[in-house]
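Have a look at the structure below, then the notes.
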Amino acid sequence: MTALTASVGERADAPGLVPGSIEHPALDTIECSMTLTAPKSSEDGYGWRYGLHVGLEAELHKETDPLPEFEARKEETRWGDGADRVEPVPGLGDRAYLLAVDENSSELRVVEGGAVITLTLSTTMDYAGSDEGREPPPVEPETPAAEPYHADLITDMREVMAQLKAG
């Protein structure tokens, strides 16, 4: 997640695998996630800083064509809700859609051949003062919108796809 990391600041944790991977003659899946946070120096005066939670899911369908199912589910999100907005992303895979789930969450899904790759993004606010045992102020600042990170999400998807092809 080179572009997203450059836009936000730093990794809060190393990428980690989510349990439940599948290795099967018909389908392989893998899922991982990571959190990015703005540097501590970007905290507001009350100890709040923003961050991004990024998830990656990759599926390799070895016996069936995932495109018809991918198309049928183009408005369905990983969070189980319908998207506020669905936009095609030209020039990315065989077909790609960027879903604005809500103001703070987005999803980019791509199908290419037998591979279906999904990147999810949700913005967060973190009270950095909790590390020092301080109580957060009574009013939490507004969580940043996800839309300013859409271009970075697309850039990072291209990078993920290139790495999966090379691996």
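Worth a mention:
- Flag for R78 being under 19 Å from S33 (Cβ atoms) and open to solvent by 20 Å² or more (accessible area, probe 1.4 Å): yes
- Residues located in region 20-40, provided they are closer than 23 Å to L153 by Cβ and part of a strand (DSSP E or B): T29, I30, E31, C32, S33, M34, T35, L36, T37
- Qualifying positions in region 96-121 - touching a Phe, Trp or Tyr at 6+ places or on another chain (Cβ under 9 Å) and either under 26 Å from E63 (Cβ atoms) or among the β-branched types (V, I, T) (or both): Y97, V101, E107, L108, R109, V110, V111, V116, T120
- Any chance L153 is assigned to a helix (DSSP H, G or I) and either in contact with a strand residue (DSSP E or B) (Cβ under 7 Å, 6 or more places away or on another chain) or crowded, with 16+ Cβ neighbours inside 10 Å (or both): yes
- In region 2-14, the residue that is nearest to the chain's Cα centre (by Cα) out of those that are open to solvent by 70 Å² or more (accessible area, probe 1.4 Å) and not charged (D, E, K, R) is T2.
- A128 being open to solvent by less than 90 Å² (accessible area, probe 1.4 Å), at negative phi, touching a Phe, Trp or Tyr at 6+ places or on another chain (Cβ under 9 Å) and at pLDDT below 95: yes
The values are calculated or read from the model by the stated rules, or taken from the named source; none is laboratory data. Note that this is a predicted model, so its numbers are computed, not measured. Positions of Cβ are generated from backbone atoms using ideal geometry, with glycine treated the same way; all protein chains shown enter the neighbour counts. Side chains are part of the model used for accessible areas, which takes the heavy atoms of the whole protein and leaves out ligands, DNA and RNA. Shrake-Rupley method; radii C 1.70, N 1.55, O 1.52, S 1.80 Å.
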